[in-house]
Amino acid sequence: MDALQTEKDIHIHKALLPLSWLYGMGINIRNKLFDWGIFRSEEFSVPVISIGNLSVGGTGKTPHTEFVIRTLEKKYRIAVLSRGYKRKSNGFVMADAETSSQKLGDEPYQMYRKFPEIIVAVDSNRRRGIKNLLQLPDAEKPEVILLDDAYQHRYVKPSLSILLSDFNRPFYKDSLLPSGRLREPWKNNDRANIIVCTKCPEDMRPMDYRLISNHMELYPYQDLFFSSFRYKSLLPVFPENNPVKKESLERLKKESYSFLLVAGLANPDSLIEYLQQYTSDLHSLVYPDHHSFTAKNIYSIVDTFNAINNNKKIIISSEKDAVRLLDNANIPDDIKSSFFYLPIEVFFLLDQESLFKQKIESHVKDFTRNRVMA
C-alpha cells in the first residue's frame, strides 16, 4: 500500500496559472506591507484566537471553532466574531433573540443556536468588531475572542493562530486562485502557531503522518495535529413538527429507507460517501456553498422527494443547511416531519485531543496572567 493512498487527485487549471502568478504578486505585496509595518496589525487586551485556512472551500472551520468553544466555555466568557458570509445585513451585528440566519450568516447562526451562552457577532471589519465587543459592560465583555475564518485578515494580530488544511486537498499540493483554491501562497503557513490537518482517514499509518509533516515544512514553534469528523445521530430540522427527537442511520438502513440529500456545501463528497453506507437508494440535490434556498429550490426538493418510489424515505441536510431551511417559509408543513440534518463533531487522531486542549487552555491562561502582571 502506497503512503497517503487515500489522498485524492487535486485538479489544477493549468491554463489559468499566469493569472495565479499575477494574483500571487498582489498578495505578496500586501503581506510585505504588513510585514514591514506600513500596514499595521493591531493587538488587543484579551486573547484573540484565529481559526482559518489558506484556501477557499470547506476545511472544517466551524466544527473546529465549536471544538475550541467547548474547550473554553466553562471557564471563560467567549465571543465568536465572523465575517458573516452572504448575510443580508451590514456592519457590526451581535446575535440576539430576534436574529436569523439571513442577518448573521448560516455558520454564525448555527453557533449561536448551539451555544446560547456565548456572544456571537459578525463584522467584515474584524478590528472594528473586536473593539465593539470590548466596549460591552464588564459583566458581559468577552474574556476570549475567537475569529472565524480570519487568517487573511491581517489588520488584527491574533494572540494564537490555528490554520486548517484539508487532508484531501492539502495546501502544499494546491495552487493559487484562480488555477487552484489557495488565497495566498502555502508557505505563508509560517504565521500559524497550530496547524490541523482535517478530514483525515482513521486508518492513516505512521508513515503518512511523517510525510504530511515533512511536506508542510513546519518551524519549531509550530504544532501539527490531525483531526477527523464523526457524524452523530440525525436530528429534526423542525422539531415542533416532528415527534422523533433523534434518528439512527443504522435503523434506517435495516428498514431500507431511501434518502434525499439536500446540500449547499463547498465539498459534499464526504457526506455523500458516508450516507451511501446506509442506503442503496440515495438521491442528491447539491447547491453552491452557503446557498440561499429559493421558492423554486423548495418546489424542486418537494417534487424530487415525492417522486421517490418508497414509502420509507427522509430528507437529510447538513447542519449549516438546516439553519437556512429552518426559517424558510416555502417549506410545506406536510413535509417538515421528513426533514433531518446530520451533525458532525471533531475528534483528534493519535490521542492528540488532550494535548490540543492543553495548548488552547494554556495559551489563554498564560495570556491572561501576563496581562495582569504587566
So for R0 = 45 Å, FRET eff. of Met25-Asn311 from the Cβ-Cβ r, to 0.05, ends up at 0.15
hull vol. (C-alpha, convex hull) per residue for segment 1-155, Å³ -> 174 Å³
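Helix by helix through the chain, keep the DSSP H runs that span 24 Å or more along the axis on Cα and average at least 0.5 on Kyte-Doolittle, and give those back in order. Walk me through the intermediate numbers first.
Working: long enough: 17-35 (26 Å, 0.24); 353-373 (30 Å, -0.93).
Span-like helices here: none at all.
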Reduced to Cα centres, the span from segment 151-187 to segment 110-144 in Å works out to 25 Å
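Hey, what number do you get for the chain at 222 nm if only DSSP H runs of n ≥ 4 count, each worth -39500 (n - 2.57), divided across all residues, to the nearest 500? Before the final figure, lay out the partial values.
Values: 12 runs with 123 residues, N = 374.
Roughly -9500 deg cm²/dmol at 222 nm, from the helical runs in the chain.
Using DSSP to call loops (not H, G, I, E or B), can you name the chymotrypsin sites (Phe, Trp or Tyr not before Pro) in segment 195-268 whose Cβ has at most 10 other Cβ atoms within 10 angstrom? Intermediate values should be presented prior to the final figure.
Values: sites: Tyr209, Tyr221, Phe225, Phe226, Phe229, Tyr231, Tyr257, Phe259; in loops: Tyr221, Tyr257.
Sites meeting the loop and neighbour criteria: Tyr221.
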About its Cα centre, the chain carries a charge dipole, from +1 on Lys and Arg Cβ atoms and -1 on Asp and Glu Cβ atoms, whose size in debye to the nearest 20 is 820 debye
Taking every DSSP bridge whose two residues both lie in the chain, the antiparallel percent to the nearest 5 is 20 percent
Given the candidates Pro185, Asn330, Thr62, the one whose Cα lies deepest towards the positive end of the charge dipole of the chain, counting +1 at each Lys or Arg C-beta and -1 at each Asp or Glu C-beta, is Pro185
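With the cut-off at 25 Å, tell me which of the pairs Lys157/Lys359; Lys88/Lys157; Lys114/Lys245; Lys14/Lys320; Lys86/Lys114; Lys103/Lys296 have Cα atoms farther apart than that.
Values: Lys157/Lys359 19 Å; Lys88/Lys157 28 Å; Lys114/Lys245 16 Å; Lys14/Lys320 33 Å; Lys86/Lys114 20 Å; Lys103/Lys296 22 Å.
Distance filter (> 25 Å) returns Lys88/Lys157; Lys14/Lys320.
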The base-10 log of I(q)/I(0) that the Debye equation returns for segment 184-254 at q = 0.14, 0.18 Å⁻¹, one scatterer per C-alpha, is -0.65, -0.77
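Laboratory data are not the source of any read-out in this text; all were calculated from the coordinates shown. Since this is a predicted model, take the numbers as computed values, not measurements. All Cβ positions, even for glycine, are placed from backbone atoms using ideal geometry, and neighbour counts span all protein chains on display.
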